[in-house]
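Everything below concerns the one structure shown next.
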Amino acid sequence: MSEWVPTTCMRCAVGCGHKQLGVEEGYGVDVVRGDGQHPVNQGLACQRGIQESGDPDGEWLSQPLVRKGGELVETSWPNALERVAERFDAALSRDRDAVAVLGSGQQTNEAAYALGKLARGGFGTRYYDANTTLCMASAVTAYYEAFGSDAPPCTYDDIPEAESHVVWGANPAVAHPVMFRWIRESAGEDDSRLLVVDPVATDTATAADEHVQLDPGEDLSLARAVLAEIVDRGAVDREFVDEATTGFDDLVADLPDPAAAATDAGVTRGTVADLAAALEDRTLIYWGMGINQSVRGTDAARALIDLCLASGNLRSGSGPFSLTGQANSMGARVVSCKGSWPGQRPFDDPSHRTEIADEWGVPVGRLPDDVGPGPVGTIDAIDDGPVEAVYAVATNPVAGMPDATAVAERLDDTFLVVQDSFRTETTELADVVLPAATWGESEGTVVNMERTVSRVRPASDTPPTVQQDIDIIAAVADEVVPGLLPEPPVDPSAMFDEFAALTAGTKADCSGIAYERLDHELGVRWPAPESDAEGGYRYHESTDDGERWRFATPDDTANFSAPPEPDPLPEPTDEAYPLTLTTAREADGYNTGVRSRSVDDPDPVTARIDPVTVANELPDSTESDDDPAVRLETRRGTITARVDPDPAVPEGLVWIPIHHPATNALTVPATDPRSDEPNFKQCAVRLRPVPETDADAPVRAPLD
Ligand SMILES: Nc1nc2c(c(=O)[nH]1)N[C@H]1C(S)=C(S)[C@@H](COP(=O)(O)OP(=O)(O)OC[C@H]3O[C@@H](n4cnc5c(=O)[nH]c(N)nc54)[C@H](O)[C@@H]3O)O[C@H]1N2
Ligand SMILES: Nc1nc2c(c(=O)[nH]1)N[C@H]1C(S)=C(S)[C@@H](COP(=O)(O)OP(=O)(O)OC[C@H]3O[C@@H](n4cnc5c(=O)[nH]c(N)nc54)[C@H](O)[C@@H]3O)O[C@H]1N2
Ligand code: SF4
Ligand SMILES: [Mo]
């Protein structure tokens, strides 16, 4: 009786439409393939998206669990919910900020909206955020500052039209495979090109016409060098700059000498000239975690936007294009996020606050008056603030956050409720575990990186002991703030309509989108204020009278950056820790890796290090050691790793994948002051041989 059900891939934010077939009997998805009808991918899909949607590895959770006598034991839903309600009630009666809520870009819009409404309007906590701040926050902050609204101006339709494709601090060959195929196809045309800016010779970089191998963390210097070069060669699009932007002359007055800035970035002046020349043609600048995950993330993202503005690359076939990571990071941002109300309504604006509170039926005084500090600050507030209970939904902070050993210790001190589909390092510390349905089992919508809203649908039932996220959130709400959310089972389509209605007239207007429309059209881009309208290239219009730009800022112009005073990198190398540690993605892993490795006993992490660095740092390792074990030590922790001597990684750098629970025991918890995004991409590290007695040491070992 199974039939093909259209849905959207939940692995990455390319947002490919899939068709899936549930198993004939029992639970699960049988077959998945790309959906030829879907406007985003027209049938394309990548192997990993298909495999993980159809048959994810990982240890499924199938029963609610509570901690009893130190152990997690199975319990009933009413018992689990009662335990949650009792402790949340007690905490909230002491202080509305005593309960923290951590959400995710892997929830549907409906669940994320419900969670935001519960956190902000129900609990009234300032400690609400999602793992999207570990990921896209610097890009988001840059878009708001430059354009007055979040999200890239461009769409996938611009990729075939671009002549220069500049991929900066991202590795889409691995992380966004279908999109990379489009980029390669376009860059392969005559007079088109691909330039990749990355310290590492990644799969994307080796496919490029030019690999710009800058020093880690020096993106701002490089971007400023390129801007100075554009100015020097008279390549500024003066007409566009005069008509549509603000702040250019102030920025230019303070630009560095391009040669000196190139040296700071570790590249030649010729390389800077190549980048500047590429920008003279229609250019898309794509960027990812190499830019965002830095204390300078917002400044660097703005510097890339500055390059597009100065060169007039703000029209079709061009523009700044941040590569969203998780399937619904963008949706999580639009429905409710740390810095804004649904529809990107400004957090501090009294009229928006009143309107939201009225619609939600809560007193406006219950809405927190501060956006909160992001995930790192929220964990800190367990130690030095009011947080005593944490509700984590579809996120694994014990493995995914920087300085993770300290995160684990702090979460262990709280009443921790974890809602996940799989066993993780965080469920292991929980006081209550709520088992959630996942891809192929849930009903809702997601928004991909180019603003396309698309349905996700179940092709399989779930065991009766597993529930959809939206129903679990509504059940928690029903216990703690009755009446705020509908009683479960919740109709996701009605929840979408409630959200969409709140966006009417906003910058992210989704009020013309409803399930029925998505059933016909499969994907619709916001802004979509009417049922027959959908978003395209934002801010730019081409009419018979010429071109016109209208940005979402108060005066309709786009803002250049102020000359930045870049924050120093948080942990430069020194004598004690002479190497730089960086963390990034592999094709076969996904984020903290809970679906591709064991939770109890993962194999050691593999560090890619240039053979010269290995020889310098570990002179006693013998050449016969194929993959010697080493200790990686930072100021926060020590882990044991295997070494893969790999010249793709520059000398002085140690590269480890993020898909391992030990990785973030090493990383530094410094954050960008404007976006709160952690500096995951650089910290100082040293290599040590593994002492004989240590061979069987646990993989994760905090420093004494
Ligand atoms: N296979 C796979 N695909 C995924 C994911 C996954 O885990 N696995 N995760 C998804 C998610 S959530 C996200 S956010 C995206 C992320 O996708 P990407 O942004 O591509 O992710 P990363 O591999 O973390 O980092 C990108 C690149 O930044 C480079 N880099 C490091 N430091 C610097 C620097 O100082 N400057 C510059 N210019 N570059 C630097 C790294 O060498 C790396 O090649 O991927 C999504 N897709
Ligand atoms: N060192 C280092 N650390 C990083 C990064 C880095 O580049 N370097 N990247 C950061 C980035 S970009 C990101 S996005 C974060 C991600 O950080 P996390 O959110 O901590 O990691 P994930 O592994 O994506 O965890 C998502 C969880 O959601 C669960 N899940 C999946 N689907 C569902 C569902 O439908 N319902 C529920 N309830 N649960 C579900 C999964 O089982 C998984 O446990 O990691 C960050 N951490
Ligand atoms: S490219 Fe991304 S969205 Fe498309 S099938 Fe692969 S993982 Fe899924
Ligand atoms: Mo991400």
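The values are calculated or read from the model by the stated rules, or taken from the named source; none is laboratory data. What you see is a predicted model, and the numbers here were worked out from it, not measured in a lab. With ideal geometry, Cβ positions are generated from the backbone for all residues, glycine too; neighbour counts draw on all protein chains shown.
Of the candidates 361, 339, 365, 385, the single residue that is at positive phi and surrounded by fewer than 24 Cβ atoms within 10 Å (Cβ to Cβ) is 361. Residues that are out of contact with any Cys (no Cβ under 7 Å at 6 or more places or on another chain) and within 16 Å of ligand 4 (Cβ to nearest atom) occur in the range 277-286; there is at least one.
Identify, please: which residue in the range 1-38 is part of a loop (DSSP other than H, G, I, E, B) and of a type in the set (Ser, Thr, Tyr) and is, among those, nearest to ligand 4 (Cβ to nearest atom)? Once the filter is applied, the top-ranked residue is 27. The number of residues in the range 425-454 that are among the hydroxyl-bearing types (Ser, Thr, Tyr) and touching a helix residue (DSSP H, G or I) at 6+ places or on another chain (Cβ under 7 Å) comes to 4. The single residue among 332, 310, 357 that is within 16 Å of ligand 1 (Cβ to nearest atom) and modelled with pLDDT of 95 or more turns out to be 332. When each of 100, 162, 146 is tested for being closer than 29 Å to residue 388 by Cα and over 17 Å from the mean Cα position of the chain (by Cα), the lone residue that passes is 100. Within the range 325-334, if we keep just the residues that are assigned to a helix (DSSP H, G or I), of a type outside the set (D, E, K, R) and in contact with a helix residue (DSSP H, G or I) (Cβ under 8 Å, 6 or more places away or on another chain), the residue that is surrounded by the most Cβ atoms within 10 Å (Cβ to Cβ) turns out to be 331.
For beta carbons closer than 9 Å, sequence separation of 6+ or different chains, a first residue in the range 351-380 that is assigned by TED's automatic domain parsing to the domain that holds residue 127 and a second that is of a type in the set (S, T, N, Q) and part of a helix (DSSP H, G or I), the qualifying pairs are 364/354; 372/378; 374/133; 375/131; 375/133; 376/133.
All conditions but one from (1) hydrophobic (A, V, I, L, M, F, W, C); (2) closer than 24 Å to residue 40 by Cα; (3) crowded, with 22+ Cβ neighbours inside 10 Å apply to residue 174; the one that does not is (3).
Across the range 113-131, the qualifying residues are those that are hydroxyl-bearing (Ser, Thr, Tyr) and either outside the structural domain of residue 470 (by TED's automatic domain parsing) or over 25 Å from residue 535 (Cα atoms) (or both), and the one among them that is nearest to ligand 3 (Cβ to nearest atom) is 128. Listed by first and then second residue, the pairs linking a residue in the range 227-245 that is farther than 20 Å from residue 146 by Cα to a residue that is surrounded by fewer than 21 Cβ atoms within 10 Å (Cβ to Cβ) and not aliphatic (A, V, I, L, M), with Cβ atoms under 9 Å apart and 6 or more places separating them unless they lie on different chains, are 229/269; 233/280; 235/280.
Restricting attention to the range 39-51, the residues that are crowded, with 20+ Cβ neighbours inside 10 Å and either part of a helix (DSSP H, G or I) or more than 14 Å from ligand 1 (Cβ to nearest atom) (or both) total 3. The helices (runs of 4 or more DSSP H) located wholly in the range 111-195 include none with 3 or more residues which are away from ligand 1 (no atom under 16 Å from the Cβ) and charged (D, E, K, R). For the range 335-354, taking the residues that are in a strand (DSSP E or B), in contact with a strand residue (DSSP E or B) (Cβ under 9 Å, 6 or more places away or on another chain) and at pLDDT 95 or above, the one that is farthest from ligand 4 (Cβ to nearest atom) is identified as 346. Any chance the range 58-78 includes a residue that's more than 30 Å from residue 364 (Cβ to Cβ), among the charged types (D, E, K, R) and within 26 Å of the chain's Cα centre (by Cα)? Yes, the range 58-78 contains a residue that is more than 30 Å from residue 364 (Cβ to Cβ), among the charged types (D, E, K, R) and within 26 Å of the chain's Cα centre (by Cα). Within the range 581-594, residues that are more than 13 Å from ligand 3 (Cβ to nearest atom) reach partners that are basic (Lys, Arg) with beta carbons closer than 6 Å, at six or more positions or on different chains, in the pairs 582/681.
Note on the range 17-38: residues that are farther than 18 Å from residue 421 by Cβ and surrounded by fewer than 23 Cβ atoms within 10 Å (Cβ to Cβ) total 10.
Of all the listed residues (17, 22, 43), the sole one being over 27 Å from the mean Cα position of the chain (by Cα) and more than 8 Å from ligand 3 (Cβ to nearest atom) is 22.
Filtering the range 480-522 to residues that are more than 30 Å from residue 389 (Cα to Cα), among the hydrophobic types (A, V, I, L, M, F, W, C) and in a loop (DSSP other than H, G, I, E, B) leaves 504, 508, 510, 513, 514, 522.
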